[in-house]
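Peer 1: Before anything else, here's the structure in question.
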Amino acid sequence: MNDKRNMPVFEKPRVAASSGLGAYGNIASVLSALNLSGVAGKRILIKPNVGRMTRPNSGVNCCPDSVAACIDVLSKAGAASVAVGESPILGVDVMAAFEACGIAEAVRERGCDLLDLDADPPAIVPLPAGAVLPSLKVCGGVRKFDLILSLAVMKTHMHTGVTLSLKNCKGMLYKKQKVALHQLPDDGDPNADAKPLDRAIADMLTVLRPDIAVIDGWIGMEGLGPGAGDPRPADLALASWDPVAADATACRLMGIDPMTVSHIRLAAEKGVGRAEADKIETHPSDLSGCQRPFKRPPTELALAFPDTMVYESGACSACLSTTLLFLQRFQDRIADYRLEDGKLHVVLGKDVEDVPAGTIVIGNCAARHRAKGPFAVGCPPVASSIYRAVTGRDPDGSTE
Ligand code: SF4
């Protein structure tokens, strides 16, 4: 576990990229293009994206061949040990998820440990310079390792723009601490230029900075990522000792300006790494063959819900996306909450003047209507927490 005191600063970090070699070949190629002398003799934790129970190569979890390549290259570079561990979203049995997506088999074949990071007691880590949080509850087992390799699937994310090696580190937060980051109230800071969620992720990265970033773009996800988007086969991988540089470069290849992704911009401002293109050395220097535009999360609510009245003004894409996902998933399960006109009514955004009684109020920006109906707190709230606010019940315990 890193903290600000030992965050390495690379003047011009190298980001290696590879495409067209398949999942295993791309990852092996990009890791081998880094200087791995710092790996020798180290106990290394690979933290892959395995948040959900899915089949292999669905674009949700990492590809098993990508995990296998990381283990093989690190072992060959002299690592003392390599383990693979994850703290998944609530309600997911991580060991079953490792089995379902094929990673368990790849890890077993190589004689490495497979870990449920929630199994050890948590560590409370203070955030003295935290903009949003005073401390974090981190999976205690992470402290047993010398180096962390964050292995992220290349995805867009409906709440944070993208989820890459930086955001993937949220999967080292202990159990419900992950959800808590989605439920932070608006702190009223007039100087804040990002949502509390993005600021909290940047805070987290000052104590949970991955040492090595690897981005698995064999099959990524676009649109309503991280769980409800479309698989995006991209046959691409990136790696760097600077996770900000890795994520910023991945964004550029996805057709996204990394400076518009708040948690990446804030992480760079906090010194977690470099985001500016002219401060990064790419390998190869010409990445034109690696461009893979990804569809962004939706920015307006599709009128695909004729039984829903949406009051929206001044909402950002995160609340729009979460409302869309909520309606997609749960509209049929909350038919009893329709008003006299036979429709569900939902409000989001800060600029809606008035709504009828019984309207579902989504997100902190719409809090002034909270007396009118069920209020889902959060910035943004996740779809399952909107369902919980409406029904008082837990759908499946999941978060997004
Ligand atoms: S619209 Fe939703 S996600 Fe956007 S700032 Fe407001 S509460 Fe947060």
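The values are calculated or read from the model by the stated rules, or taken from the named source; none is laboratory data. Just so it is clear, the model here is predicted, and its values are computed rather than measured. All Cβ positions, even for glycine, are placed from backbone atoms using ideal geometry, and neighbour counts span all protein chains on display. Side chains included, ligands, DNA and RNA excluded: accessible areas come from the protein's heavy atoms. Shrake-Rupley method; radii C 1.70, N 1.55, O 1.52, S 1.80 Å.
Peer 1: Taking 41 Å as R0, compute the FRET efficiency from the Cβ-Cβ separation of E109 and Q328 and round it to 0.05. Show your work: numbers first, answer last.
Peer 2: Details: r = 38 Å, r/R0 = 0.92.
So, using R0 = 41 Å, E works out to roughly 0.60.
Peer 1: Accessible area of the chain with a 1.4 Å probe: how many percent of it is carbon plus sulfur? Present the calculation step by step, with values, prior to reporting the outcome.
Peer 2: On the way: 7710 of 15200 Å².
Carbon and sulfur atoms account for 51 percent of the accessible area of the chain.
Peer 1: Loop-only trypsin sites (Lys or Arg not before Pro) in segment 105-196, please: DSSP not H, G, I, E or B, and at most 16 other Cβ atoms within 10 Å.
Peer 2: Values: sites: R108, R110, K137, R143, K144, K155, K167, K170, K175, K176, K178; in loops: R110, K175, K176.
Counting only loop positions with at most 16 other Cβ atoms within 10 Å, the trypsin sites (Lys or Arg not before Pro) in segment 105-196 are R110, K175, K176.
Peer 1: Testing the spin-label approximation: label points 7 Å from Cα along Cα→Cβ at D307 and E281. State their distance in nm.
Peer 2: Each label point is offset 7 Å from its Cα along the Cβ direction, giving 6.0 nm.
Peer 1: Looking at the P(r) of the chain, how many percent of alpha-carbon pairs lie beyond 38 Å? Can you show the working numbers first?
Peer 2: On the way: 13585 of 79800 pairs.
Looking at the chain, the distances longer than 38 Å represent 17 percent of pairs.
Peer 1: Now, a different point. Starting from 0.36 nm per residue, how many nanometres of slack lie between A371 and D257 once their C-alpha separation is accounted for? Don't skip to the answer; put the middle values down first.
Peer 2: Details: separation 114, 0.36 × 114 = 41.04 nm, distance 3.89 nm.
Answer, rounded to one decimal: 37.1 nm.
Peer 1: Here's a follow-up. Can you pull the semi-axes for segment 308-391, root of five times each eigenvalue of the Cα gyration tensor, sorted largest first, whole Å? The partial results should precede the final answer.
Peer 2: On the way: eigenvalues 55, 43, 24 Å².
That gives 17, 15, 11 Å for the three semi-axes.
Peer 1: Now for a separate question. Calculate how many DSSP beta bridges within the chain are antiparallel, expressed in % of all such bridges and rounded to the nearest 5. All intermediate terms of the calculation are to be shown ahead of the outcome.
Peer 2: Numbers: 22 of 54 bridges.
Here the antiparallel bridges make up roughly 40 percent for the chain.
Peer 1: So what J values fall out for segment 160-168 if you push phi through Karplus, 6.51 cos²θ - 1.76 cosθ + 1.60 with θ = phi - 60°, rounded to Hz, Gly and Pro as x?
Peer 2: 10, x, 9, 10, 10, 5, 6, 4, 4
Peer 1: Hand me the GluC sites (Glu not before Pro) from segment 1-108 located in a DSSP loop with no more than 12 other Cβ atoms within 10 Å, in residue order please.
Peer 2: On the way: sites: E11, E86, E99, E105; in loops: E11.
Here the GluC sites (Glu not before Pro) that fit, given the DSSP loop and packing criteria, are E11.
Peer 1: How large is the accessible surface per residue of the chain, computed with a 1.4 Å probe and reported in Å² as a whole number? All intermediate terms of the calculation are to be shown ahead of the outcome.
Peer 2: Numbers: 15200 Å² over 400 residues.
Per-residue accessible area for the chain comes out at 38 Å².
Peer 1: Label Q291 and S37 with points 7 Å out from Cα along Cα→Cβ: what is the distance between them in nm?
Peer 2: Taking the two extended label points, one gets 3.7 nm.
Peer 1: So between A96 and D341, what do we pick up on full extension, going 0.36 nm a residue minus the alpha carbon distance?
Peer 2: Values: separation 245, 0.36 × 245 = 88.20 nm, distance 4.43 nm.
The span from A96 to D341 would gain 83.8 nm if fully extended.
Peer 1: Now for a separate question. Quick check: convex hull of the Cα atoms in segment 265-369, volume per residue, rounded to a whole Å³?
Peer 2: On the way: hull volume 16.9 nm³, N = 105.
It comes to 161 Å³ per residue, whole-number rounded.
Peer 1: Okay, next question. In terms of the ratio Rg/(2.2 N^0.38 Å) built on C-alpha atoms, what value belongs to segment 1-96? Walk me through the intermediate numbers first.
Peer 2: Details: Rg = 15.0 Å, N = 96, 2.2 N^0.38 = 12.5 Å.
So segment 1-96 has a normalised radius of gyration of 1.21.
Peer 1: Let me ask something else. Less than 10 Å Cβ to Cβ from L31, Lys/Arg counted +1 and Asp/Glu -1: what total charge do the surrounding residues give?
Peer 2: On the way: positive: K76; negative: D72.
In short, 0.
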